[in-house]
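*Asks:* So that we are looking at the same thing, I have put the structure below in structure tokens.
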Amino acid sequence: MNDKKMRIAAAPGPVSYPLVAYSLERDDVELVFSKDNANADAIFDSTVSLIKRGLRIDYVTVRGLMVLTPSVGRRIAVPTNRESSVILAKALAASRGGMELLPANDPLDAIAALKRGSADSAVVTANLAPGIRFEDLLNFVPGSCGVHVNGNPEAIIKVYEEGIAMLRRPGISMSIAAKLPINVKQDFIEGVIRSVEWGIHKLDYKEFKNVVSSLDASL
């Protein structure tokens, strides 16, 4: 019997929450919070980051994380601390035309720009404000996060699906926050868990790859 642990590398954002939940109760996975782990059985990251790193998106795992709030405007505040936010905003502006992208330090700064009236819209995560999902704004966007699989796909899918089920357990957001290598508030994690669409989806991303590859994250 092969009792070797699966090695899973993940960015420490929402894509990792089911993996952290799983690892709290199971010991058959070595979860590493790193983007530079080519030898891992699976690498979980944002779909934008996977493409920028030259990795396949074998499955989409999170949909509806990134939204435009409150609706589609002409002056859009974009957090520059998140590569995905900038790339998605640029893709939207290229497809619609007539939009001005306004740099913001982070999502809260983008929301502040809305409140000041200096922006009509803001790119944020769905837990921070209601809005229109980028999957609905741009039909070629497959999802917010995904996974590149080097190992056994069935085993990776089983781990993630079990982790998703564990997200419904009381107090799980506090446990996840305690295990993450970065400081994330419990209510942020709770909001993400409630707001996004979790799952394992095999989706076409050819057009998305072409668009993302043609854009940079500067603003």
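Each reported figure results from applying straightforward, stated rules to the coordinates on display, with no laboratory input. Computed from a prediction, not measured in an experiment: that's the story for all the values here. Counting neighbours? That spans all protein chains shown, and the Cβs are built from the backbone with ideal geometry, glycine included.
*Asks:* Over the chain, what is the relative contact order in whole percent, taking alpha-carbon pairs under 8 Å and six or more residues apart?
*Replies:* Working: 437 pairs, mean separation 66.9, N = 219.
In percent, rounded to a whole number, it is 31.
*Asks:* Provide T69, T125 in ascending order of the number of other Cβ atoms located within 10 Å of each residue's Cβ, fewest first. Kindly include the intermediate steps, with their values, before the conclusion.
*Replies:* On the way: T69 21, T125 25.
Taking fewest neighbouring Cβ atoms as first place, the list is T69, T125.
*Asks:* Give the relative contact order (percent, whole number) for region 66-137; include only Cα pairs under 8 Å separated by 6+ residues. Write out the running numbers ahead of the final one.
*Replies:* Values: 141 pairs, mean separation 36.3, N = 72.
So the answer I get is 50 percent.
*Asks:* Suppose every Lys and Arg Cβ carries +1 and every Asp and Glu Cβ carries -1, with no other charges. What dipole size does the chain come out with about its Cα centre, to the nearest 20 debye? Write down the numbers at each step before the final one.
*Replies:* Values: 26 positive and 25 negative charges, 84 e Å.
Here the chain has a charge dipole of around 400 debye.
*Asks:* For region 57-101 and region 163-193, what is the separation of their C-alpha centers, rounded to whole Å?
*Replies:* 25
*Asks:* Ordered by residue, what ³J(HN,Hα) values in Hz, to whole numbers, does region 12-18 give under the Karplus form 6.51 cos²θ - 1.76 cosθ + 1.60, where θ = phi - 60° and Gly and Pro are x?
*Replies:* Result, ordered by residue: x, x, x, 4, 8, 4, x Hz.
*Asks:* Suppose we keep just the DSSP beta bridges with both residues in the chain; what percent of those would be antiparallel, to 5? Provide the component values of the computation, followed by the final result.
*Replies:* On the way: 17 of 31 bridges.
Among the beta bridges of the chain, antiparallel pairing accounts for roughly 55 percent.
*Asks:* Here is a further query. Could you give me the ³J(HN,Hα) list for region 197-214, computed from phi with Karplus coefficients 6.51, -1.76, 1.60 and θ = phi - 60°, whole Hz, x at Gly and Pro?
*Replies:* 9, 8, x, 10, 10, 9, 10, 6, 9, 4, 5, 4, 4, 4, 5, 4, 5, 8
*Asks:* A follow-up question, please. Please list the non-local residues whose amide H lies under 5 Å from the amide H of L128, H modeled 1.01 Å from N, same-chain partners needing a gap of 5 or more.
*Replies:* none
*Asks:* Any idea how far the Cα center of region 133-161 sits from the one of region 42-56, in Å?
*Replies:* Taking the Cα centre of each part, region 133-161 and region 42-56 sit 10 Å apart.
*Asks:* Here's something else I'd like to know. Looking only at region 79-121, which residues have a backbone nitrogen under 14 Å from a spot 7 Å from the Cα of V72 in the C-beta direction?
*Replies:* 89-100, 121
*Asks:* Each residue of region 140-149 in turn: what ³J(HN,Hα) in whole Hz from Karplus with 6.51, -1.76, 1.60 and θ = phi - 60°, glycine and Pro shown as x?
*Replies:* 8, 7, x, x, 8, 9, x, 9, 9, 9
*Asks:* Before rounding to the nearest 500, sum -39500 (n - 2.57) across all DSSP H runs of length at least 4 in the chain and divide by the residue total; then give [θ] at 222 nm in deg cm²/dmol. Working shown, then result.
*Replies:* Details: 9 runs with 83 residues, N = 219.
Result for the chain, helices only: -11000 deg cm²/dmol.
*Asks:* Using only the Cα atoms, what convex hull volume per residue in Å³ does region 1-68 have?
*Replies:* Values: hull volume 7.0 nm³, N = 68.
Looking at region 1-68, the number lands at 103 Å³ per residue.
*Asks:* What list do you get for K90, K179 if you sort them by fewest beta carbons within 10 Å? It would help to have the intermediate numbers written out before the result.
*Replies:* Details: K90 21, K179 16.
With the sparsest Cβ surroundings first, the list reads K179, K90.
*Asks:* Per q in 0.18, 0.25, 0.28 1/Å, what log10 I(q)/I(0) does a Debye calculation on the alpha-carbon atoms of region 66-137 return?
*Replies:* Log-scaled intensity ratios, in q order: -0.54, -1.12, -1.46.
*Asks:* When you count, for each residue, the other Cβ atoms within 10 Å and take the mean per peptide, how do 57-63, 10-16 rank with the highest first? Walk me through the intermediate numbers first.
*Replies:* Working: 57-63: 24.1, 10-16: 22.3.
Answer by packing, highest mean first, reads 57-63, 10-16.
*Asks:* Here is a further query. Which semi-axis lengths, in whole Å and largest first, follow from the square roots of five times the eigenvalues of the Cα gyration tensor of region 80-177? Display every interim value, and only then the final one.
*Replies:* On the way: eigenvalues 195, 74, 25 Å².
Ellipsoid half-lengths, sorted descending, are 31, 19, 11 Å.
*Asks:* Would you mind ranking S23, S84 so that the residue whose beta carbon has the fewest other beta carbons within 10 Å leads the list? Can you show the working numbers first?
*Replies:* Details: S23 20, S84 24.
Lowest count first: S23, S84.
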